[in-house]
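Note sheet for the following structure.
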Amino acid sequence: SIPLGFFGGIGAASKRGVLVKGSNYLEALNNVDTLVFDKTGTLTKGNFAVTEVISAAMPEEELMAIAAHAESLSTHPIAQSIVASFSGTIDENRVSNYQEIAGRGLQVTIDGKNVLAGNARLMSEHNIVFDAVDSIGTVVYVAVNDIYSGALVIADELKSDSKAAIARLKQLGVKTIVMLTGDNKKTAESVAAQIGITDVRAELLPDGKVEQLEAIEANKAEKSKVAFVGDGINDAPVLARADVGIAMGGLGSDAAIEAADVVLMSDEPSQIADAIDVAKFTRKIVW
Ligand code: ADP
Ligand code: MG
(Lines give C-alpha, C1' and ligand atoms only; values in the text may rest on other atoms or scores of the structure.)
(Ligands and ions follow the chains in the order given, each with its own letter.)
Protein backbone atom coordinates (compact mmCIF):
# COMPACT_ATOMS: atom_id res chain seq x y z
CA SER A 1 0.00 0.00 0.00
CA ILE A 2 1.07 3.57 -0.62
CA PRO A 3 1.58 5.67 2.51
CA LEU A 4 -0.92 8.53 2.61
CA GLY A 5 1.84 11.11 2.92
CA PHE A 6 2.84 10.46 -0.67
CA PHE A 7 -0.51 11.79 -1.89
CA GLY A 8 0.16 14.90 0.17
CA GLY A 9 3.57 15.10 -1.49
CA ILE A 10 2.12 14.90 -4.98
CA GLY A 11 -0.38 17.61 -4.05
CA ALA A 12 2.35 19.81 -2.57
CA ALA A 13 4.41 19.39 -5.75
CA SER A 14 1.44 20.28 -7.96
CA LYS A 15 0.86 23.46 -5.95
CA ARG A 16 4.39 24.42 -6.98
CA GLY A 17 3.63 23.70 -10.62
CA VAL A 18 5.28 20.28 -10.71
CA LEU A 19 3.18 17.35 -11.90
CA VAL A 20 4.46 14.03 -10.51
CA LYS A 21 2.86 11.02 -12.22
CA GLY A 22 3.03 8.66 -9.25
CA SER A 23 4.34 8.26 -5.71
CA ASN A 24 7.15 6.00 -6.94
CA TYR A 25 8.59 8.97 -8.86
CA LEU A 26 8.36 11.20 -5.79
CA GLU A 27 10.37 8.57 -3.92
CA ALA A 28 12.82 8.26 -6.84
CA LEU A 29 13.40 12.04 -6.79
CA ASN A 30 14.84 11.60 -3.28
CA ASN A 31 17.49 9.34 -4.68
CA VAL A 32 18.51 11.36 -7.73
CA ASP A 33 22.26 11.87 -7.59
CA THR A 34 22.75 12.49 -11.30
CA LEU A 35 20.84 15.05 -13.35
CA VAL A 36 21.25 15.05 -17.10
CA PHE A 37 20.05 18.14 -18.97
CA ASP A 38 19.17 18.79 -22.58
CA LYS A 39 20.30 22.27 -23.63
CA THR A 40 17.99 23.88 -26.18
CA GLY A 41 14.58 24.70 -24.75
CA THR A 42 15.57 23.28 -21.36
CA LEU A 43 18.44 25.42 -20.04
CA THR A 44 18.06 27.96 -22.83
CA LYS A 45 14.85 29.61 -24.00
CA GLY A 46 14.88 28.00 -27.44
CA ASN A 47 14.08 31.46 -28.71
CA PHE A 48 16.82 32.32 -31.18
CA ALA A 49 17.67 35.60 -32.89
CA VAL A 50 19.69 35.77 -36.10
CA THR A 51 22.98 37.43 -35.14
CA GLU A 52 25.01 36.96 -38.34
CA VAL A 53 24.24 36.34 -42.00
CA ILE A 54 27.17 35.01 -44.02
CA SER A 55 26.36 34.84 -47.71
CA ALA A 56 28.55 32.80 -50.01
CA ALA A 57 26.92 32.31 -53.39
CA MET A 58 23.97 34.72 -53.28
CA PRO A 59 22.88 38.08 -51.81
CA GLU A 60 22.02 38.14 -48.10
CA GLU A 61 18.30 38.78 -48.66
CA GLU A 62 18.03 35.81 -50.98
CA LEU A 63 19.85 33.58 -48.48
CA MET A 64 17.47 34.73 -45.70
CA ALA A 65 14.44 34.07 -47.94
CA ILE A 66 15.63 30.55 -48.84
CA ALA A 67 16.44 29.73 -45.22
CA ALA A 68 13.05 31.02 -44.01
CA HIS A 69 11.15 29.08 -46.70
CA ALA A 70 13.18 25.96 -45.94
CA GLU A 71 12.40 26.23 -42.21
CA SER A 72 8.74 27.17 -42.68
CA LEU A 73 7.49 23.59 -42.31
CA SER A 74 9.60 22.66 -39.28
CA THR A 75 8.43 22.92 -35.67
CA HIS A 76 11.99 23.05 -34.30
CA PRO A 77 12.70 26.17 -32.19
CA ILE A 78 15.57 27.00 -34.58
CA ALA A 79 13.14 26.96 -37.50
CA GLN A 80 10.50 29.08 -35.81
CA SER A 81 13.12 31.68 -34.91
CA ILE A 82 14.46 31.91 -38.46
CA VAL A 83 10.95 32.32 -39.85
CA ALA A 84 10.20 34.98 -37.21
CA SER A 85 13.26 37.03 -38.16
CA PHE A 86 12.43 36.96 -41.89
CA SER A 87 10.93 40.30 -42.90
CA GLY A 88 9.28 39.02 -46.10
CA THR A 89 6.31 36.69 -46.44
CA ILE A 90 6.45 32.93 -46.85
CA ASP A 91 4.97 31.62 -50.11
CA GLU A 92 3.99 28.02 -49.35
CA ASN A 93 3.68 27.23 -53.05
CA ARG A 94 7.45 27.50 -53.45
CA VAL A 95 8.07 24.70 -50.91
CA SER A 96 7.66 20.94 -51.35
CA ASN A 97 9.16 17.54 -50.39
CA TYR A 98 9.96 18.68 -46.86
CA GLN A 99 11.99 16.15 -44.92
CA GLU A 100 13.34 16.57 -41.40
CA ILE A 101 16.76 15.04 -40.73
CA ALA A 102 16.92 14.49 -36.96
CA GLY A 103 19.90 16.01 -35.18
CA ARG A 104 21.07 17.64 -38.39
CA GLY A 105 18.45 19.86 -40.02
CA LEU A 106 16.32 19.36 -43.08
CA GLN A 107 16.08 18.81 -46.81
CA VAL A 108 13.38 20.46 -48.93
CA THR A 109 12.58 21.51 -52.48
CA ILE A 110 12.27 25.26 -53.06
CA ASP A 111 11.41 26.56 -56.56
CA GLY A 112 12.34 23.09 -57.84
CA LYS A 113 15.81 23.28 -56.28
CA ASN A 114 17.14 20.89 -53.66
CA VAL A 115 17.85 22.80 -50.45
CA LEU A 116 19.73 21.54 -47.39
CA ALA A 117 19.65 23.58 -44.17
CA GLY A 118 21.32 22.42 -41.00
CA ASN A 119 24.58 21.87 -39.18
CA ALA A 120 28.11 21.03 -40.32
CA ARG A 121 27.37 17.32 -40.03
CA LEU A 122 24.54 17.66 -42.56
CA MET A 123 26.83 19.47 -45.01
CA SER A 124 29.63 16.90 -44.58
CA GLU A 125 27.27 13.98 -45.04
CA HIS A 126 26.16 15.46 -48.36
CA ASN A 127 29.76 16.20 -49.41
CA ILE A 128 29.07 19.92 -49.59
CA VAL A 129 32.22 22.04 -49.69
CA PHE A 130 31.67 24.83 -47.14
CA ASP A 131 33.54 27.27 -44.91
CA ALA A 132 33.10 26.32 -41.25
CA VAL A 133 31.83 29.30 -39.25
CA ASP A 134 33.67 29.80 -35.96
CA SER A 135 31.18 31.95 -34.02
CA ILE A 136 29.50 31.30 -30.71
CA GLY A 137 25.99 30.41 -31.70
CA THR A 138 24.11 27.74 -33.55
CA VAL A 139 25.11 27.78 -37.20
CA VAL A 140 22.60 26.90 -39.90
CA TYR A 141 24.41 26.20 -43.16
CA VAL A 142 22.44 26.38 -46.42
CA ALA A 143 23.23 24.56 -49.67
CA VAL A 144 21.22 24.89 -52.91
CA ASN A 145 21.60 22.08 -55.47
CA ASP A 146 24.66 20.93 -53.50
CA ILE A 147 26.37 24.32 -53.75
CA TYR A 148 27.13 26.03 -50.42
CA SER A 149 25.17 29.30 -50.33
CA GLY A 150 25.97 30.67 -46.90
CA ALA A 151 25.09 30.38 -43.24
CA LEU A 152 23.03 32.03 -40.53
CA VAL A 153 24.35 32.26 -37.00
CA ILE A 154 21.57 32.27 -34.45
CA ALA A 155 21.91 32.87 -30.74
CA ASP A 156 19.75 31.57 -27.96
CA GLU A 157 19.39 33.06 -24.50
CA LEU A 158 19.86 31.35 -21.16
CA LYS A 159 16.71 30.97 -19.09
CA SER A 160 16.98 33.48 -16.27
CA ASP A 161 17.02 30.87 -13.49
CA SER A 162 19.28 28.22 -15.08
CA LYS A 163 22.39 29.23 -13.14
CA ALA A 164 20.58 29.50 -9.79
CA ALA A 165 18.85 26.16 -10.41
CA ILE A 166 22.17 24.36 -10.97
CA ALA A 167 23.61 25.87 -7.77
CA ARG A 168 20.53 24.83 -5.76
CA LEU A 169 20.61 21.30 -7.17
CA LYS A 170 24.24 20.92 -6.12
CA GLN A 171 23.27 22.12 -2.63
CA LEU A 172 20.48 19.55 -2.53
CA GLY A 173 23.10 16.84 -2.98
CA VAL A 174 22.96 16.15 -6.72
CA LYS A 175 26.51 14.95 -7.31
CA THR A 176 26.76 14.78 -11.08
CA ILE A 177 25.29 17.24 -13.56
CA VAL A 178 25.67 16.59 -17.27
CA MET A 179 24.52 18.49 -20.37
CA LEU A 180 23.69 16.61 -23.59
CA THR A 181 23.09 18.48 -26.82
CA GLY A 182 22.99 18.13 -30.56
CA ASP A 183 24.37 21.64 -30.88
CA ASN A 184 28.02 22.46 -31.64
CA LYS A 185 30.74 22.13 -29.01
CA LYS A 186 31.68 25.79 -28.84
CA THR A 187 28.13 26.99 -28.12
CA ALA A 188 27.44 24.11 -25.73
CA GLU A 189 30.58 24.84 -23.70
CA SER A 190 29.79 28.53 -23.55
CA VAL A 191 26.29 27.85 -22.19
CA ALA A 192 27.59 25.27 -19.70
CA ALA A 193 30.34 27.57 -18.39
CA GLN A 194 27.86 30.39 -17.77
CA ILE A 195 25.63 28.25 -15.58
CA GLY A 196 28.16 26.03 -13.79
CA ILE A 197 28.07 22.72 -15.66
CA THR A 198 31.45 21.14 -16.44
CA ASP A 199 30.43 17.82 -18.03
CA VAL A 200 29.23 18.69 -21.55
CA ARG A 201 28.63 16.23 -24.35
CA ALA A 202 27.88 18.04 -27.62
CA GLU A 203 27.18 17.30 -31.29
CA LEU A 204 25.09 14.27 -30.36
CA LEU A 205 22.47 12.73 -32.59
CA PRO A 206 19.18 11.71 -30.91
CA ASP A 207 20.46 8.10 -30.64
CA GLY A 208 23.70 9.40 -29.15
CA LYS A 209 21.76 11.07 -26.35
CA VAL A 210 20.13 7.72 -25.49
CA GLU A 211 23.54 6.00 -25.55
CA GLN A 212 25.05 8.62 -23.24
CA LEU A 213 22.18 8.26 -20.79
CA GLU A 214 22.45 4.47 -20.81
CA ALA A 215 26.19 4.69 -20.10
CA ILE A 216 25.54 7.08 -17.19
CA GLU A 217 22.85 4.75 -15.77
CA ALA A 218 25.15 1.74 -16.13
CA ASN A 219 27.75 3.47 -13.94
CA LYS A 220 25.49 4.90 -11.26
CA ALA A 221 25.85 4.14 -7.56
CA GLU A 222 23.62 1.44 -6.11
CA LYS A 223 20.08 2.69 -5.28
CA SER A 224 20.76 6.08 -6.80
CA LYS A 225 18.61 7.41 -9.63
CA VAL A 226 19.40 9.26 -12.82
CA ALA A 227 17.00 11.98 -13.97
CA PHE A 228 16.89 13.47 -17.46
CA VAL A 229 15.33 16.86 -18.11
CA GLY A 230 14.30 17.79 -21.65
CA ASP A 231 11.82 19.74 -23.72
CA GLY A 232 10.96 16.71 -25.84
CA ILE A 233 12.11 18.12 -29.17
CA ASN A 234 14.37 15.28 -30.35
CA ASP A 235 14.77 13.91 -26.85
CA ALA A 236 11.52 12.05 -26.06
CA PRO A 237 13.34 8.65 -26.26
CA VAL A 238 15.79 9.82 -23.57
CA LEU A 239 12.92 11.06 -21.38
CA ALA A 240 11.30 7.65 -21.63
CA ARG A 241 14.56 5.81 -20.91
CA ALA A 242 15.67 7.72 -17.78
CA ASP A 243 14.90 6.48 -14.23
CA VAL A 244 13.06 9.78 -13.84
CA GLY A 245 12.13 11.63 -17.05
CA ILE A 246 11.36 15.30 -16.42
CA ALA A 247 9.72 17.34 -19.21
CA MET A 248 9.15 21.03 -19.73
CA GLY A 249 5.35 21.23 -19.87
CA GLY A 250 4.88 24.62 -21.47
CA LEU A 251 7.32 24.45 -24.36
CA GLY A 252 7.35 20.68 -24.53
CA SER A 253 5.61 18.55 -27.10
CA ASP A 254 2.68 16.27 -26.23
CA ALA A 255 5.00 13.31 -26.86
CA ALA A 256 7.37 14.64 -24.21
CA ILE A 257 4.63 15.15 -21.64
CA GLU A 258 3.42 11.62 -22.38
CA ALA A 259 6.91 10.09 -22.11
CA ALA A 260 7.80 11.97 -18.90
CA ASP A 261 7.37 10.92 -15.25
CA VAL A 262 7.46 14.49 -13.98
CA VAL A 263 6.23 17.61 -15.82
CA LEU A 264 7.38 21.16 -15.00
CA MET A 265 4.44 23.42 -15.79
CA SER A 266 6.36 26.71 -16.00
CA ASP A 267 9.45 25.39 -17.82
CA GLU A 268 11.80 26.74 -15.13
CA PRO A 269 14.79 24.54 -14.25
CA SER A 270 14.48 25.67 -10.60
CA GLN A 271 11.22 23.69 -10.43
CA ILE A 272 13.39 20.54 -10.37
CA ALA A 273 14.90 21.73 -7.10
CA ASP A 274 11.37 22.51 -5.83
CA ALA A 275 10.33 18.94 -6.70
CA ILE A 276 13.33 17.45 -4.88
CA ASP A 277 12.57 19.68 -1.87
CA VAL A 278 9.00 18.39 -1.76
CA ALA A 279 10.22 14.81 -2.17
CA LYS A 280 12.65 15.14 0.76
CA PHE A 281 10.02 16.77 2.97
CA THR A 282 7.47 14.10 2.09
CA ARG A 283 9.88 11.32 3.00
CA LYS A 284 10.47 12.90 6.40
CA ILE A 285 6.73 12.81 7.06
CA VAL A 286 6.13 9.35 5.66
CA TRP A 287 8.90 7.41 7.37
P1 ADP B 1 19.46 20.13 -28.89
O2 ADP B 1 20.14 18.88 -28.47
O3 ADP B 1 20.36 21.31 -28.70
O4 ADP B 1 18.14 20.32 -28.20
P5 ADP B 1 18.51 19.02 -31.50
O6 ADP B 1 18.88 17.58 -31.27
O7 ADP B 1 17.07 19.35 -31.61
O8 ADP B 1 19.23 20.06 -30.47
O9 ADP B 1 19.23 19.48 -32.85
C10 ADP B 1 20.62 19.29 -32.99
C11 ADP B 1 21.19 20.19 -34.02
O12 ADP B 1 20.65 19.87 -35.33
C13 ADP B 1 20.89 21.66 -33.82
O14 ADP B 1 21.78 22.28 -32.92
C15 ADP B 1 21.06 22.17 -35.25
O16 ADP B 1 22.43 22.36 -35.54
C17 ADP B 1 20.52 21.04 -36.11
N18 ADP B 1 19.10 21.25 -36.44
C19 ADP B 1 18.03 20.58 -35.92
N20 ADP B 1 16.89 21.01 -36.47
C21 ADP B 1 17.22 22.00 -37.33
C22 ADP B 1 16.47 22.84 -38.21
N23 ADP B 1 15.14 22.79 -38.32
N24 ADP B 1 17.17 23.73 -38.97
C25 ADP B 1 18.51 23.81 -38.88
N26 ADP B 1 19.26 23.05 -38.08
C27 ADP B 1 18.65 22.15 -37.32
MG1 MG C 1 16.03 20.32 -27.05
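The values are calculated or read from the model by the stated rules, or taken from the named source; none is laboratory data. Fair warning: this is a prediction, and the values are worked out from it, not measured in the lab. With ideal geometry, Cβ positions are generated from the backbone for all residues, glycine too; neighbour counts draw on all protein chains shown.
Screening the candidates Lys220, Lys280, Lys284 for the property of being away from ligand 1 (no atom under 14 Å from the Cβ), among the charged types (D, E, K, R) and not in a helix (DSSP H, G or I) yields one hit, Lys220. Can you tell me which residue in the range 199-237 is farthest from ligand 2 (Cβ to nearest atom), limited to those that are basic (Lys, Arg) and over 25 Å from His76 (Cβ atoms)? Among residues in the range 199-237 that are basic (Lys, Arg) and over 25 Å from His76 (Cβ atoms), the one farthest from ligand 2 (Cβ to nearest atom) is Lys223. All conditions in (1) within 14 Å of ligand 2 (Cβ to nearest atom); (2) assigned to a helix (DSSP H, G or I); (3) of a type in the set (A, V, I, L, M, F, W, C); (4) touching a strand residue (DSSP E or B) at 6+ places or on another chain (Cβ under 8 Å) hold for Ile272, with the sole exception of (1).
Just to be sure I understand the filter: pairs with C-beta atoms under 8 Å, separated by 6 or more residues or on different chains, first member in the range 32-53 and touching a residue at least 24 places away in the same chain (Cβ under 8 Å), second member among the β-branched types (Val, Ile, Thr) and near ligand 2 (Cβ under 9 Å from one of its atoms). Which pairs pass? Short answer, once both residue conditions are applied: Asp38/Thr181; Lys39/Thr181; Thr40/Thr181; Thr40/Ile233; Gly41/Ile233; Gly46/Thr40; Gly46/Ile233.
Each row is one residue, and each column tells you yes or no for (1) away from ligand 1 (no atom under 14 Å from the Cβ); (2) on the phi > 0 side of the Ramachandran plot; (3) out of contact with any His (no Cβ under 7 Å at 6 or more places or on another chain).
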| position | (1), (2), (3) |
| --- | --- |
| Asn93 | yes, no, yes |
| Tyr98 | no, no, yes |
| Thr109 | yes, no, yes |
| Val142 | no, no, yes |
| Asn145 | yes, yes, yes |
| Ala165 | yes, no, yes |
| Lys170 | yes, no, yes |
| Asp183 | no, no, yes |
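Identify, from the list Val174, Val210, the residue that is of a type in the set (Val, Ile, Thr), outside any strand (DSSP E or B), within 15 Å of Gly230 (Cα to Cα) and in the same structural domain as Asp243 (by TED's automatic domain parsing). Show your work before the answer.
Values: Val174 fails: within 15 Å of Gly230 (Cα to Cα).
Being of a type in the set (Val, Ile, Thr), outside any strand (DSSP E or B), within 15 Å of Gly230 (Cα to Cα) and in the same structural domain as Asp243 (by TED's automatic domain parsing) holds for just one of Val174, Val210, which is Val210.
How about the range 185-203: which of its residues are part of a loop (DSSP other than H, G, I, E, B) and either in contact with a Leu (Cβ under 6 Å, 6 or more places away or on another chain) or on the phi > 0 side of the Ramachandran plot (or both)? Spell out the reasoning first.
At the first step, the residues of the range 185-203 found to be part of a loop (DSSP other than H, G, I, E, B) are 196-198, 202-203.
Of everything in the range 185-203, those that are part of a loop (DSSP other than H, G, I, E, B) and either in contact with a Leu (Cβ under 6 Å, 6 or more places away or on another chain) or on the phi > 0 side of the Ramachandran plot (or both) turn out to be Gly196, Glu203.
Among the residues of the range 89-106, is there at least one that is in a helix (DSSP H, G or I) and in contact with a Ser or Thr (Cβ under 8 Å, 6 or more places away or on another chain)?
yes
Taking the conditions exactly as written (modelled with pLDDT of 95 or more, surrounded by fewer than 20 Cβ atoms within 10 Å (Cβ to Cβ) and either β-branched (Val, Ile, Thr) or closer than 18 Å to Val53 by Cα (or both)), does Val83 satisfy them or not? It would help to see each step written out before you state the result.
Details: modelled with pLDDT of 95 or more: yes; surrounded by fewer than 20 Cβ atoms within 10 Å (Cβ to Cβ): yes; either β-branched (Val, Ile, Thr) or closer than 18 Å to Val53 by Cα (or both): yes.
Here the answer is yes, as Val83 does meet what is asked.
Count of the range 132-189 residues, restricted to those that are of a type in the set (Val, Ile, Thr) and free of Cβ contacts under 8 Å to residues at least 12 places away in the same chain, is 0.
Could you say whether any residue in the range 188-196 is farther than 20 Å from Leu264 by Cα and more than 22 Å from the chain's Cα centre (by Cα)?
Taking the range 188-196 first, the residues farther than 20 Å from Leu264 by Cα are 188-194, 196.
Narrowing the set further to residues that are more than 22 Å from the chain's Cα centre (by Cα) leaves none.
Within the range 188-196 (the criterion being farther than 20 Å from Leu264 by Cα and more than 22 Å from the chain's Cα centre (by Cα)), the answer is no, since none of the residues qualifies.
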